[in-house]
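Following: one structure in structure tokens, then a few remarks.
The values are calculated or read from the model by the stated rules, or taken from the named source; none is laboratory data. Quick caveat: nothing in here was measured; it's all calculated off a predicted structure. Here the Cβ positions follow ideal geometry from the backbone for every residue, glycine too, while neighbour counts run over all protein chains shown. Calculation scope for accessible area: heavy atoms of the full protein, side chains included, ligands and nucleic acids excluded. Shrake-Rupley method; radii C 1.70, N 1.55, O 1.52, S 1.80 Å.
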Amino acid sequence: MAVLSPSVFTEALTRNRERLNTKFIYARQMFPQLDSGVFSGCLTQMVQPVVLTMEDESEEVIDRVLEVLYDFSLDLIGKGYLGPKGKYPELLFAWEKLFCSASHLLRQDPRLFAGSVLNAVYNLSSLQEQRSKQWTELMQMLSGDCDTISLFLDAGKVAAWRCGLAHYRQAALEIAETLKPSILARILELPPEADPVAVLDAIKNDPWLTPAAALTKDSQQSQLKVARVLGTFRGFGGVMLRPPHVQLLDNEIFASDNENSYLVSADVFGGTLQRTADLSPSKQKKSQRAFIVDKHGTVAKDHYSSKIPELADSTSCASTESTLAVTIPRSHSVYIVALVQEL
Amino acid sequence: MAGTGSKLNSLQKISEAPTNPQAEKKLGGRVFDVADLYEGPVQSDQQKAAADTPLDEKLRQAYFWIVNHAIISPYYDIEYNDGPPQLFSLGDKKSRIAFPSDQSYSSFILLPLLTLVLRRRCLLVGGPGRGKTASAILMGVLAGYSLKEIKRGIQHGQPQMTISDLLGNPLPSSLVNAASMDEIVISWRKWLGMRAKIIDEYNRIPTRTQSALLTVMADNYAEILDQVYECPEAAWYLTANDEAGGGTYQVIEALRDRIDVVVHALHFNTRFLGELLNRVEQEFRPEEIVPAQIIFTEQEIDAIHNDILSVEIPDGLRRRIEFFASHFEFCEQAAHQLEYKTKDTVKVAGLDFTTVSSQETGKDKTIDLGNQTLNGLSVRAFMTCLAYVKAVAYFRGASEVSFEDVRQMIPFVLHDKLVQNSDASFFDLPEHEAFRSDKIGWIRRLFDLSCKEYDRLDLDRDDPVARLSAEFERGLDGLSESETRKRLTRIEKTLNQLSRGRKFYAHLYDDVLKLKYLHQRYTNYLKWLQWQS
């Protein structure tokens, strides 16, 4: 029978055996449910493939990568985030997609790269629309263009906004200006001949302009419509305890259910409610500037008007120049209305 | 909708902050930092995480990690109370057991940790196999060294240890080629440059080599053939089986005197054998997996050191420490001249203090605490006391030292500094017999008795010497001749009042010397005023 030569993975495990064993024992004190069989399986499934991509690396680098991935595996499996019944399968998806394909970044600083990716996926997976897989696939595409972790993480921030984390819009737009055009084009899903900088300039001024629409020079039909519905009853997995009210403060829209307050962020890529410090309730329930909503649910802005029956008898409204937030008595959600271009 | 992930601990779980409840930072503001995208349940940037933790909290986390996971030391001999403790007595000798009502600590873990951040010298004593060296090694890991570096840097005391073994050797080639001593190149031992130094079984080092060690410990440099190596400030951990300084070689007094704090390795509590068995079976080595979050950089230790120095000692408490320390130096029979009436005078004269002080003085033994010791306290001992009481207050998250901080720390600092007079009648009482061996308890009892006397004299409210001192501290500028004379009269009256007591107790000695000092300063000033006019 042919004897298989040990792989870099088994050699690294052998070199660090005592230390890794001690870590496992220690972790099991923290997480009594941590099963050695399950963990071994995860090591083989998750860590081994990554380490095998580093055959050309020095032992020092391999050991560093192994230790970090081993630590993260213990931690995430122990907490029940990963593993056969893991609460966040998106983490495994990102692990398998990114750690091998971006091993050139992983080996630069394993803890920073792997930790950042896993945390980003964790944060994205908490979105209702499950955008984390979209982000992972996008970053997998971009990783080849990124030669440093710093560039990858910057691209990741812009990609996170692109995948629906609307509250990062402002920061992401600033970072986007510093990205390589090729990376920016991929994030915005632009055709090769497009000028990503020009598209970025266009969408900076209109949160509801899609990159595709920004490319066409023809005038488009626009319509006032419900672009997003954010939040739901807490009992159904949302955040609102009661039907909320909205108000405008410092040109930002906030929603409150009288227990907690949330920053309302929305644009063409997504919408989020971010818990924030308590705000003093505004006396004016219906603060609005650019939009008008009547009791029948008719919304008007400039020369545009739309009848949106579900917004009848609204309890509160607040708007910026581009976005209207409306709440109604029968719902725990915040309705986002905007002038959306139709291609 | 979860936005930013909670900052949870990584693999090696650190005690949840705050370990000593403090006011927590409120989440506030409407600014969302896009960098929060990369914050979550795994520690992606350990440096940032470490920077977010206040240093005193980090120190507490280090303590609790060691106590919970590294060293089995289920003792709380440094007791704090928030309200009355539960007290029990056991056995026919009525052994006292207290269940403290506030967070309390194990001296075996706390004191080496405080030594690390104070960069002082800690002697760990106890029988073999009690974890002295293991504790010291952990401190080295916390100081940022790898296990390999620490183990290779440990100096193992043994009877054949030479100065070269300890410090280094001249390079043979440079010895041959050097035209002068300046040109000799020394290959210094690596441990000299470490910021956590471990000397194992220091009482097995030959006397001559102890002298070389003393130079490094005391003056922070090593010297061979006129070449000098300046060592960095470091925390020292020395181990010994015998606290009295015996062993293969007697420890030279100067070296023993450089020890700042003595910690006893306590016995192993057999009720925890199960945990020990787990470690044996699983080959669990906690020193290999010290969490990065509780490892201190050199800059952090510097910062902690500075923070500790800025912890305040309230004036009233400082006065109690002064009063306590005043008991021990005075020896009325030692000389005629006031300034020489000290135990040090007797010692320098080569006489036996117990012989000199053997005559019955009629002093109340509960007040004459100095009778229980053969020596007084040095300046170095004072400074060390002050450093450690500040350090423990800092550790507990306080901005000023409390009474209990002093009461708990002083015994460990003075453990080797105050030499017991075993002939003192205090120890003949059955209830005090245990103090012959329990030095920590003895010194704490001394402090308690001192405070009792302090309260009896009502010195918090009525301290004429303190009033006169404060008056003097305001300065002599513009003081007239008549006012100066008035002050001189007040000083003389005060001394007259003190002399009304039948006995010259030790706590009066420094007061009398202070009065003499003040009197002399005013007298000189008066003469100058007269010369001027």
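Points to keep in mind about this one:
- Placing dummy labels 7 Å off each Cα toward the beta-carbon, the span from B:Ser469 to B:Leu351 is 2.9 nm.
- Charge context of A:Arg330, other residues only, Cβ under 10 angstrom, K/R +1, D/E -1: -2
- Crossing angle, helix A:17-30 versus chain A [Cα axis fit, 0-90 degrees, rounded to tens]: 40
- Residue with peak Gaussian network fluctuation, chain A [Cα springs, cutoff 10 Å], from A:Thr232, A:Thr14, A:Thr136: A:Thr14
- Charged-residue dipole, Cβ positions (Lys, Arg, Asp, Glu), segment A:72-189 about Cα centre, Debye nearest 20: 320
- Computed [θ] at 222 nm, helices only, for chain A once each DSSP H run of length n ≥ 4 contributes -39500 (n - 2.57): -12500 deg cm²/dmol
- Across segment A:137-199, the relative contact order, built from alpha-carbon pairs under 8 Å that are at least six residues apart, equals 28 percent.
- A:Leu241-A:Glu137 pseudo-label distance in nm [points 7 Å out on the Cα-to-Cβ vector]: 4.0
- Extended-chain gain in nm, criterion 0.36 nm per residue less alpha-carbon gap, A:Lys85 and A:Lys204: 38.6 nm
- Exercise: per-residue mean of other protein chain Cβ atoms within 10 Å, A:156-164: 2
- Annotation: amide H-H contacts under 5 Å for B:Gln420 (H modelled 1.01 Å from N, sequence separation of 5 or more, or interchain): B:Leu374.
- Cα shape, segment B:105-152, gyration tensor, a/c 1.5 rule: oblate
- Residues in segment B:288-312 that a label on B:Asn68 would reach, taking backbone N under 19 Å of a point 7 Å out along Cα→Cβ: B:288-296
- Between A and B, buried accessible area from a 1.4 angstrom probe totals roughly 4000 Å², ignoring ligands, DNA and RNA.
- Taking the Cα centre of segment B:125-213 as reference, the dipole from Cβ charges on Lys and Arg (+1) and Asp and Glu (-1) amounts to some 420 debye.
- Bridge type composition, the protein assembly as shown - antiparallel percent by DSSP, nearest 5: 75
- Spatial separation of Cα centroids for segment A:147-161 and segment A:295-343, in angstrom: 35
- Efficiency of FRET from Cβ geometry, A:Ala212 and B:Asn306, R₀ 56 Å, rounded to 0.05: 0.45
- Segment B:476-498 and segment A:71-103 have Cα centres lying 81 Å from one another.
- Label point distance in nm, B:Leu479-B:Phe403, each placed 7 Å from Cα along Cα→Cβ: 3.4
- The length gained by stretching the chain between B:Tyr76 and B:Ala51 to full extension, at 0.36 nm per residue less their Cα-Cα distance, is 6.0 nm.
- Contact order relative to length of chain A, as percent, for alpha carbon pairs under 8 angstrom and 6 or more apart: 12
- With a 10 Å cut-off around each Cβ of A:23-33, the average count of Cβ atoms from other chains is 4.
- Shape call, segment A:86-197: gyration tensor on alpha carbons, a/c limit 1.5: oblate
- Here the Gaussian network model covers chain A, with springs between Cα atoms less than 10 Å apart; of A:Asp75, A:Asp56, A:Asp206, A:Asp56 fluctuates the most.
- Length gained when the stretch B:Glu283-B:Gln160 is fully extended (0.36 nm per residue, less Cα-Cα span): 40.9 nm
- As a rough guide to protection, the peptides B:510-519, B:144-153 ranked by mean Cβ packing within 10 Å, highest first, stand as B:510-519, B:144-153.
- Averaged over peptide A:168-178, the number of partner chain Cβ atoms lying within 10 Å of each residue's Cβ comes to 2.
- Backbone N within segment B:289-315 under 17 Å of label point (7 Å from B:Lys148 Cα along the Cβ vector): B:289-290
- Selected from A:Ala12, A:Ala277, A:Ala185 as most flexible by GNM, with chain A as the system and alpha-carbon contacts under 10 Å: A:Ala277
- Most to least packed among A:252-265, B:86-99, B:262-275 [average Cβ atoms within 10 Å]: A:252-265, B:262-275, B:86-99
- Solvent-accessible area per residue for segment B:440-533 (1.4 angstrom probe, square angstrom): 61
- Using C-alpha pairs under 8 Å with a sequence gap of at least 6, the mean separation divided by the residue count of chain B gives a relative contact order of 14 percent.
- Once the Cβ-Cβ distance of A:Ser40 and A:Glu189 is raised to the sixth power relative to R0 = 45 Å, the FRET efficiency obtained is 0.65.
- Other residues lying with their Cβ under 12 Å from the Cβ of B:Asn220 contribute a combined charge of +1, Lys and Arg counting +1, Asp and Glu -1.
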